[in-house]
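The structure appears right after this line, and notes come after that.
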Amino acid sequence: MVPTVASRSPVRVLIADEHVIFRAALRRVLEFEPGFQVAGETSGNGEVVTLARELAPDVLLMDIDTPGHHTLDAVRELSAPPHGCRTIILTSEMADEQVVRAFRAGARGIMTKAAPVDLLFKSIDAVMAGEYWVGRERVADLIRVLQSEPARPDDQRRFGLTSRELEVVQAVVGGYTNKEIAEKLVISQNTTKHHLSSIFDKLGVSNRLELALFTHSHRLLQRGAASIQ
């Protein structure tokens, strides 16, 4: 359970963006909202990693084009132990393939700069709770990109998943809702939820996006799960 804003310690945020006006606006938004604290800010110029190490923020909000340090290299370095900094990439627009690369590098979220302020707060809360954040409209695109990539050799583990659970996994990464999965597999929605809970526990994921990324990474659906079309 995520602590309430009133009871938790303030989430310390580091802002990295080359535009001074945008940084100032973002700082003002965060400082005005209870539960958030701006630990620092930088224009980039190669100091993102150094400053993040020095300030140890909970969350790094970083523009995809932050100068002086390749953004994904910084994400990769800061997401690895012992730093554990949760990075949310800020972008004006981002190709689907870039989104996939960002998550693989260790990013915990993707936010467009045009998104409503309340979604910014929700994205920070989500990554603080150990989840991934991606705009809802992006999920289907992300899954499509993952599915379009060529298969690669992998081990044949099924991670303890049953044939029925593999069918549910296939439906989830196909973009089906719980109701649609229940209808197509001729099971109840409660049974669908039970299967999903079991799948999440076995794979160590907490939401559908993590499941999609795990499925792609380990090529679970290359094992021949039955089609539900």
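Per-structure values
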| quantity | calculated |
| --- | --- |
| Contact order relative to length of region 11-139, as percent, for alpha carbon pairs under 8 angstrom and 6 or more apart | 20 |
| Simple label model, 7 Å out from Cα along Cβ direction - Asp73 to Lys113, nm | 2.3 |
| Net length gained if the chain between Leu55 and Arg101 were fully extended (0.36 nm per residue, minus Cα distance) | 14.0 nm |
| Over region 150-223, relative contact order from alpha-carbon pairs under 8 Å, at least 6 apart, % | 43 |
| Bins of 10 Å from zero: percent of alpha-carbon pairs in region 11-139 | 13, 52, 33, 2 |
| Protection proxy ranking of 124-132, 194-202 - average other beta-carbon atoms within 10 Å, highest first | 124-132, 194-202 |
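The numbers here are math on the coordinates, done by the rules we state, and not lab data. All values reported here derive from a predicted model rather than from experimental measurement. Quick reminder, even Gly has a Cβ in these numbers, built from the backbone with ideal geometry, and neighbours come from all protein chains shown.
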